[in-house]
Every structure is written in C-alpha cells, then in structure tokens.
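The values are calculated or read from the model by the stated rules, or taken from the named source; none is laboratory data. Keep in mind the model is a prediction, meaning the values are calculated, not measured. Glycine also receives a Cβ, built like all others from the backbone with ideal geometry; neighbour counts cover every protein chain displayed.
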Amino acid sequence: MSEITCLACSHRAKVEAGPPFTESIFVCNECGARMVYGELAPRVVVEPRTDPLGRAWVRVRFQDARTQRDMYTADLDPQHAAMLAKAQLSLVIP
C-alpha cells in the first residue's frame, strides 16, 4: 500500500499498489477532487437550463477544484452539447 495526499484538501489516502500516482487518476474521498497524472483537474458541472421563453439550454461550468469558483461558464444548445459529449467520448471509447 502507498499513500497519496490530495492536492486540494491535503487529505491523505491509502491506495493499493498499482501504477505510480503520476501515471494514473485519483479521486479524493473527502472533497471529491480529481487528480489526473499528478495534477489537479478542474471540476466540471453540467446543468440543464431554460430561458424565460421556455427554450432548453445546457450550462457547462468549469470550476477551480480548491475554491469551487467558476473559472469558465458556457451555455450550449442541446444539440451542440450532445455533439460535444459525443466528441469527448470518441476520444476515450474506441
């Protein structure tokens, strides 16, 4: 067993032996922060929205993992959001 320290909340977690921390993905059990290949990854929040006219939108918010403040926010129409999701999945699923 080895020990990993969360870069967001400094929580220490014991993990089974496997690939080194810098070559894997780790999710903190305390704060939910994701560390990817040794670096802190931003949080991604996806929310359904409607405007005053009743049209549907998808809001994508990228947040700082430590402070959970929005770094970037994008409002996408549902078709564009679906195309973006398919493109992202095509990168990881053969």
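Of all residues in region 13-26, count the ones that are assigned to a strand (DSSP E or B) and either farther than 26 Å from Arg69 by Cα or at pLDDT 85 or above (or both).
Applying the first criterion (assigned to a strand (DSSP E or B)) to region 13-26 yields 13-15, 25-26.
In the following step, the residues that additionally are either farther than 26 Å from Arg69 by Cα or at pLDDT 85 or above (or both) were identified as 14-15.
So the answer is 2.
From (1) more than 17 Å from the chain's Cα centre (by Cα); (2) surrounded by 12 or more Cβ atoms within 10 Å (Cβ to Cβ), pick out the condition that doesn't hold for Arg61.
For Arg61, the exception is condition (1).
Within region 73-94, how many residues turn out to be surrounded by 10 or more Cβ atoms within 10 Å (Cβ to Cβ) and not charged (D, E, K, R)?
The number of residues fulfilling the criteria is 11.
Looking at (1) out of contact with any helix residue (DSSP H, G or I) (no Cβ under 6 Å at 6 or more places or on another chain); (2) at positive phi, can you tell me which one Gly38 breaks?
Result: Gly38 passes all but (1).
To keep it simple, each residue is scored yes or no on (1) of a type in the set (S, T, N, Q); (2) under 30 Å from His11 (Cα atoms); (3) in contact (Cβ under 8 Å) with a residue 12 or more places away in the chain.
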{"position": "Val46", "(1), (2), (3)": "no, yes, yes"}
{"position": "Ala65", "(1), (2), (3)": "no, yes, yes"}
{"position": "Thr73", "(1), (2), (3)": "yes, yes, yes"}
{"position": "Gln79", "(1), (2), (3)": "yes, no, no"}
